[in-house]
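**Q** Structure incoming, see below.
Throughout, read-outs are computed from the coordinates displayed, never taken from laboratory work. Owing to the predicted nature of the structure, the values given are computational and were not obtained by experimental measurement. Every residue, glycine among them, receives a Cβ derived from its backbone with ideal geometry; neighbour counts consider all protein chains shown.
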Amino acid sequence: MRLCFLSGLKEVVGQEELDIDYRGGLSGLLKLLCERYGDDLRRLVQDPDHPDKRNPFLKVLVDGEDRPEEELQLVGSETVFLFLPIAGG
């Protein structure tokens, strides 16, 4: 699986792309990433009011499609983009 990190996530992870061997639920993937990259990433991907849920602003694109489902199942061959939208003007 290829993970692509944009916006503030890229700075926390320290790279824009990462290839990993993972199959399972999206929540498990986020938990694995938080364990690997620590509290700085956890603050960005977890809901501050409900730590067992993902940040409602975290966008997840799987093979180019917006996938808001909490328990999305990943088979391991996807390209997954994780990012927090940036607003401004």
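**Q** Considering only the stretch 44-89, how many residues are at positive phi and of a type outside the set (Gly, Ala, Ser)?
**A** Selection size over the stretch 44-89: 1.
**Q** Within the stretch 55-89, track down each residue that is among the acidic types (Asp, Glu) and either within 16 Å of residue 19 (Cα to Cα) or not in a loop (DSSP other than H, G, I, E, B) (or both).
**A** So the first thing to find is which residues in the stretch 55-89 are among the acidic types (Asp, Glu), and the list is 63, 65-66, 69-71, 78.
Once the filter is applied, which keeps residues that are among the acidic types (Asp, Glu) and either within 16 Å of residue 19 (Cα to Cα) or not in a loop (DSSP other than H, G, I, E, B) (or both), the stretch 55-89 yields 63, 65, 66, 78.
**Q** For residue 75, only one of the following conditions fails: (1) surrounded by fewer than 12 Cβ atoms within 10 Å (Cβ to Cβ); (2) in contact with a helix residue (DSSP H, G or I) (Cβ under 7 Å, 6 or more places away or on another chain); (3) among the hydrophobic types (A, V, I, L, M, F, W, C). What is its number?
**A** Residue 75 satisfies every listed condition except (2).
**Q** Checking the conditions here, which among 40, 49, 66 is exposed (fewer than 14 other Cβ atoms within 10 Å of the Cβ) and either touching a residue at least 12 places away in the same chain (Cβ under 8 Å) or within 11 Å of the chain's Cα centre (by Cα) (or both)?
**A** Details: 49 fails: either touching a residue at least 12 places away in the same chain (Cβ under 8 Å) or within 11 Å of the chain's Cα centre (by Cα) (or both); 66 fails: either touching a residue at least 12 places away in the same chain (Cβ under 8 Å) or within 11 Å of the chain's Cα centre (by Cα) (or both).
Among 40, 49, 66, only 40 is exposed (fewer than 14 other Cβ atoms within 10 Å of the Cβ) and either touching a residue at least 12 places away in the same chain (Cβ under 8 Å) or within 11 Å of the chain's Cα centre (by Cα) (or both).
**Q** Give me a count of the residues in the stretch 1-30 that are of a type in the set (D, E, K, R) and under 23 Å from residue 86 (Cα atoms).
**A** Matching residues across the stretch 1-30 total 5.
**Q** When the residues of the stretch 25-37 are filtered to those that are surrounded by 14 or more Cβ atoms within 10 Å (Cβ to Cβ) and more than 11 Å from the chain's Cα centre (by Cα), which remaining residue is farthest from residue 76 (Cα to Cα)?
**A** 37
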